[in-house]
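The values are calculated or read from the model by the stated rules, or taken from the named source; none is laboratory data. Quantities reported herein were computed from a predicted structural model and do not represent experimental measurements. Because the Cβ atoms are built from the backbone with ideal geometry, glycine has one as well, and the counts that use them run over all protein chains shown.
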Amino acid sequence: MLGAPALELYLFLFLLLFVLVSPIVSYIPAVLHFPDPLPAGMDPQAHDDQNSHWFFALARLLPLIDAVDTALKGPEHLAAQGTIYPVTILLLFGLNVTAAATRNPRFHAFFAVFFLVYILAFIAINLRMLAKPFPRRGPLCDALRARRSRCGVPPLPRR
């Protein structure tokens, strides 16, 4: 049986590797899509057509990685994302699967515009939610108070 220090080390290594998965999975499609440098005489459209399947196949992993990351942060954090979060994850995953399966340039153009508009709207909605006053009661606030007191930070004033 593992002791507490070994278990903490394995947990730390797991979390470290998990945190690195998202940037790596983001980097690989970017390199596929924008090689540096583009070989001389290579048609960018032909290059895009040749690699679009792998670009979207890898890009479909990003919403799933984000969902796992959000779930690992706890049920309170997952619930705090709101009902739009699972819709976003499923929608982006489904559109990436479709984009990987089709070579239709109209769909890819639609997806590019839709993704930009949808992500900007998603960010705006989340920023509006963050602008709301932080609740001073409830289990999340109690956990924050407990963490602040353990770290030597003065407690939040009660209202």
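General remarks:
- Answer residue from region 14-54, given it is acidic (Asp, Glu) and either surrounded by fewer than 12 Cβ atoms within 10 Å (Cβ to Cβ) or under 20 Å from residue 68 (Cα atoms) (or both) and is modelled with the lowest pLDDT among those: 36
- Some residue of region 100-109 being in a helix (DSSP H, G or I) and among the β-branched types (Val, Ile, Thr): no
- Scanning region 128-143 for residues that are at pLDDT 65 or above, aromatic (Phe, Trp, Tyr) and either farther than 30 Å from residue 45 by Cα or not in a helix (DSSP H, G or I) (or both) turns up nothing.
- Note on region 66-75: among residues that are modelled with pLDDT under 85 and either in a loop (DSSP other than H, G, I, E, B) or of a type in the set (Asp, Glu) (or both), the one that is nearest to residue 23 (Cα to Cα) is 73.
To keep it simple, each residue is scored yes or no on (1) closer than 26 Å to residue 127 by Cα; (2) at pLDDT 90 or above; (3) among the hydrophobic types (A, V, I, L, M, F, W, C).
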{"site": "77", "(1), (2), (3)": "yes, no, no"}
{"site": "86", "(1), (2), (3)": "yes, yes, no"}
{"site": "106", "(1), (2), (3)": "no, yes, no"}
{"site": "109", "(1), (2), (3)": "no, yes, yes"}
